[in-house]
Amino acid sequence: RFALMARRGMLWRAGLLLALGLTARVTGAQRREEPSSFSRALSFSRSCLGVLRGGRTEASVYSPPVEWAPLSREELRVLKLLRERFRGREGAHDDLLLLAVRGFAHEADWPAASAEALEHMLAIRTEVGADSVLEEGAPQRAAFCSLYVTGHCGFDRDGHPVYYERVGRIDPRKLFAAFPGADGVEQLLHNSVFVQEAIRRLKLRRTLETGRRVYKHVVVIDLDGLRPHHLSKRLLRVIQRMLAFHQAAYPETLHSLYIVNAPKLFSLAWGLVRPLLHPLTADKVRVLGHNVLEELAADGIDESQVPDFLGGGGGDLDQFWESEGGVEAGLLDHYLQRTAPGRPLQDISEAEVDGEEEDVDPAAIERLRPARRKEEAEPADHVLEWADTGDSRAAEARGVDLLDEDDTPAVAAVVAEGDAPDEAMD
């Protein structure tokens, strides 16, 4: 019914159906049967909501500290365990360690959850060569920048870089003509990782320049130009693959997300879904009205930091067309010790690991060794099963195939018209 309504242009009815379906799903009223395409769409929608929760599907009273807050004694304890567990592991950089420590403090077994997340993070980053992608470049970089318009423009008042995605400017036919087949999907993923690594380097540079540690960024999604051809199954699969990877490889890096130039259906669906979310999740997302510049300014993004296409004075997007080299070695110096401007470096000696006088409980380290993951026992290109358990982390970096074998745009419509704020963008 949803696909038929979308095809006939009855978008407001389709949006209402989506919102009602989401409500039924979250409250448990939806029947658990063999997954139909609509129930798969709802499952995908729920996994979308889980992305902004940082993988959490249950309500939580945990409130993460601001990025530049000194590490607490509990955080230093977990950091020390992770340093011992991953001692000598290539790619275990201090900023990634901090994401693993603070991104999973809400879990019942905090150290084990952080270790599992970091293990997976390093594995998938190695698979795509994330540490070297800025130096080696991404395939067909110029074509990607022309056809998939994303980039950086300015900072908010706390120093978070602002990253823009012009979803409505994507032409799926041209995109897949330039990036055909399975190899094209891999090339698109590598280009997406290139952008995220450039943003990561930008945050490290900003931390060094200002003395204020930041590891989150702001995302602005521009839906101007959104059309039915954006609902293709192939485009959804690519976006889904990118987002699942970003969720696993860059946890706890979204500061806030803004949707601009949204169609009315989107605003309606979001207004109905928002009350179902945990307040910490809902507060990260805002659908802006016509006064985009005023609303962004009220949230600390000055007009001078907004790109020209939204009426600001920040110029064009920096799309990272060419590589500027990798993350400089000095950017990570004293990273974990930096807090805020004017404050001395934090003493984190409690988290230091001394090979000569080890005082970390060996049993605690052993508990941090995760069991062999399912995807490690299967071929790398295996498509994971879609999950109907409410755990968004089941959609791992390889992406979840929630789509029918035919070419109906039902699930894509869910993303493009209903749940883009929760999945499209961490």
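The values are calculated or read from the model by the stated rules, or taken from the named source; none is laboratory data. As the structure is a computational prediction, the values presented were derived from the model and not from experiment. Every residue, glycine among them, receives a Cβ derived from its backbone with ideal geometry; neighbour counts consider all protein chains shown. Please note that ligands, DNA and RNA were not included when accessible areas were found on the heavy atoms of the full protein model with its side chains. Shrake-Rupley method; radii C 1.70, N 1.55, O 1.52, S 1.80 Å.
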- Note on the structure: Restricting the stretch 143-178 to residues that are surrounded by 19 or more Cβ atoms within 10 Å (Cβ to Cβ) and among the acidic types (Asp, Glu), the one farthest from the chain's Cα centre (by Cα) turns out to be Asp156
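Does Arg227 fit the bill of being at pLDDT below 90 and over 28 Å from Leu296 (Cβ atoms)?
Numbers: at pLDDT below 90: yes; over 28 Å from Leu296 (Cβ atoms): no.
Spelling it out, it is not the case that Arg227 is at pLDDT below 90 and over 28 Å from Leu296 (Cβ atoms).
What about Leu236, is it part of a helix (DSSP H, G or I), out of contact with any Lys or Arg (no Cβ under 6 Å at 6 or more places or on another chain), free of Cβ contacts under 8 Å to residues at least 60 places away in the same chain and of a type outside the set (Gly, Ala, Ser)?
no
Go through the stretch 277-302 and give me each residue that's modelled with pLDDT of 85 or more and in a loop (DSSP other than H, G, I, E, B).
Here is the first cut: in the stretch 277-302, the ones modelled with pLDDT of 85 or more are 284-302.
The answer is Lys284, Leu288, Gly289, His290, Asn291, Asp299, Gly300, Ile301, Asp302.
Residues are listed down the side, and each one gets a yes or a no for (1) open to solvent by less than 30 Å² (accessible area, probe 1.4 Å); (2) part of a strand (DSSP E or B); (3) more than 26 Å from Asp95 (Cβ to Cβ); (4) among the polar types (S, T, N, Q):
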position	(1), (2), (3), (4)
Val185	no, no, yes, no
Leu188	yes, no, no, no
Leu202	no, no, no, no
Thr207	yes, no, no, yes
Val220	yes, yes, no, no
Ala244	yes, no, no, no
His255	no, yes, no, no
- List, please: which pairs have Cβ atoms under 8 Å, are six or more places apart or on different chains, and start with a residue in the stretch 93-108 that is at pLDDT 95 or above and of a type in the set (A, V, I, L, M) and end with one that is surrounded by fewer than 18 Cβ atoms within 10 Å (Cβ to Cβ) and outside any helix (DSSP H, G or I)? Leu98/Tyr335
- Looking at the stretch 310-332, is at least one residue surrounded by 15 or more Cβ atoms within 10 Å (Cβ to Cβ), at pLDDT 55 or above and among the hydroxyl-bearing types (Ser, Thr, Tyr)? yes
- Task: For Gly184, indicate whether it is small (Gly, Ala, Ser) and touching a strand residue (DSSP E or B) at 6+ places or on another chain (Cβ under 7 Å).
- Result: no
